[in-house]
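Only one structure is covered here, and it is reproduced in the block below.
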Ligand SMILES: *[C@@H]1O[C@H](CO)[C@@H](O)[C@H](O)[C@H]1NC(C)=O
Ligand SMILES: *[C@@H]1O[C@H](CO)[C@@H](O)[C@H](O)[C@H]1NC(C)=O
Ligand SMILES: *[C@@H]1O[C@H](CO)[C@@H](O)[C@H](O)[C@H]1NC(C)=O
Ligand SMILES: *[C@@H]1O[C@H](CO)[C@@H](O)[C@H](O)[C@H]1NC(C)=O
């Protein structure tokens, strides 16, 4: 009796001590293609809703800030998401900020901190470029198509898919539930012959455009760094393109991915220096604009 009580209280102590129930995640902004006054950078609101749906709050990460500002922000947030988009992954404000946070994350994780990074589509491509130190992408015919995931054997003990229900895994591998909107990809042949990428990332799924087999989901072996070439956020939150899947399994995919990544962000206790600083930084200070009739996003936050 005494021992089992002790065991139970130790368990609950450990789980509550190790979990942050108020995670705040940074979402990287990027340059607007044709900037206007007060609209020089943006975030598609679906990335914000994606994270909010799993219990996180969001802070926009502005481009063109100083290293000092980024360091302070890094110590204030619990993870970062690099969204899809159309800017350069070699020279842009998006690339410079992504590189800075990537390096801060690697350094922090080496120290025993746990700071997760997620890249979607362009964000995935950005991660591949940062981890390999070069441009490794190949042109593919994948702009606007939903595909089933071709899981590798590595998926069995993956972190991302560990808590996905068996039926959802079956649906993901047989139905077109993952939306692809990209013209560039990491070919599996490139991955197989690139020492840096092979050592750093485990491939969890691939896809093909009919000619080129490309990497579609990765997780880093030794870091909480994750990437999907496909868009988990669109299934539940974007409607303006006919190829976005909205079936129950497709929508569950959005939530299971969000739940996974927000869970990763619950594993550190970075926080803003004060409640006032936190309030000033949150995305709630900005209003999304309805853009569904003119763009591929229903709503956009402009900065
Ligand atoms: C830009 O934003 C500032 C501050 O919010 C505002 O005072 C100004 O009127 C805005 N300019 C335009 C052109 O919307
Ligand atoms: C970022 O800086 C570049 C030049 O370095 C500039 O062209 C761009 O307009 C800036 N964008 C924002 C949103 O600050
Ligand atoms: C690209 O893929 C689409 C199907 O997603 C196909 O209809 C089209 O013919 C392909 N184009 C080329 C140039 O292969
Ligand atoms: C699925 O991936 C395997 C390797 O993991 C590859 O041999 C096979 O061709 C792929 N199939 C499709 C349909 O992409």
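Read-outs throughout are calculated quantities, based only on the coordinates presented, and are distinct from any laboratory measurement. All values reported here derive from a predicted model rather than from experimental measurement. As a convention, Cβ positions derive from the backbone with ideal geometry for all residues, glycine included, and neighbour counts pool all protein chains shown.
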For this session: Go ahead and run the numbers for FRET between residue 113 and residue 72, Cβ-Cβ distance against an R0 of 25 Å, rounding to 0.05.
Result: 0.95
For this session: Within 10 Å of each residue's Cβ, count the other Cβ atoms and sort 159, 57 from fewest upward.
Result: 159, 57
Problem set entry | the stretch 18-53 versus the stretch 226-274: alpha-carbon centroid distance in Å | 13
For this session: Take the eigenvalues of the Cα gyration tensor for the chain, scale each by 5, and report the square roots as semi-axes in whole Å, largest first.
Result: 28, 25, 20
Problem set entry | Sites residue 240 and residue 284 - FRET efficiency at Förster radius 25 Å, r taken between beta-carbons, to 0.05 | 0.50
Problem set entry | Computed [θ] at 222 nm, helices only, for the chain once each DSSP H run of length n ≥ 4 contributes -39500 (n - 2.57) | -11000 deg cm²/dmol
Problem set entry | Label-to-label distance, nm, for residues given as residue 34 and residue 183 (7 Å Cα→Cβ offset) | 1.8
Problem set entry | Percent of C-alpha pairs per 5 Å bin, the stretch 233-303, short to long | 3, 14, 14, 15, 20, 17, 10, 6, 1
Seminar exercise, completed: Quick note on 163, 294, 100, ordering by fewest other C-beta atoms within 10 Å, gives 294, 163, 100
Exercise. With springs only between Cα atoms under 10 Å, which of 258, 56, 170 fluctuates most in a Gaussian network model of the chain?
Worked result: 170
Exercise. For the stretch 121-252, what percent of Cα pairs sit more than 24 Å apart?
Worked result: 25
Seminar exercise, completed: Classified through the alpha carbon gyration tensor (a ≥ b ≥ c as square roots of its eigenvalues; rounded if a/c is under 1.5, else prolate when a/b is larger than b/c, else oblate), the stretch 37-146 comes out rounded
Seminar exercise, completed: Once both label points are put 7 Å beyond Cα along the C-beta direction, the residue 90-residue 153 separation in nm becomes 3.8
Exercise. Rounded to two decimals, what is Rg over Rh for the stretch 99-138 when you use alpha-carbon atoms and the Kirkwood radius?
Worked result: 1.02
Problem set entry | Pairwise centroid distance, computed over Cα atoms, of the stretch 63-88 with the stretch 179-222, Å | 24
Exercise. How would you rank 158, 242, going from fewest to most other Cβ atoms within 10 Å of each one's own Cβ?
Worked result: 242, 158
For this session: Nearest 5 is fine: what % of DSSP beta bridges in the chain come out antiparallel, could you say?
Result: 65
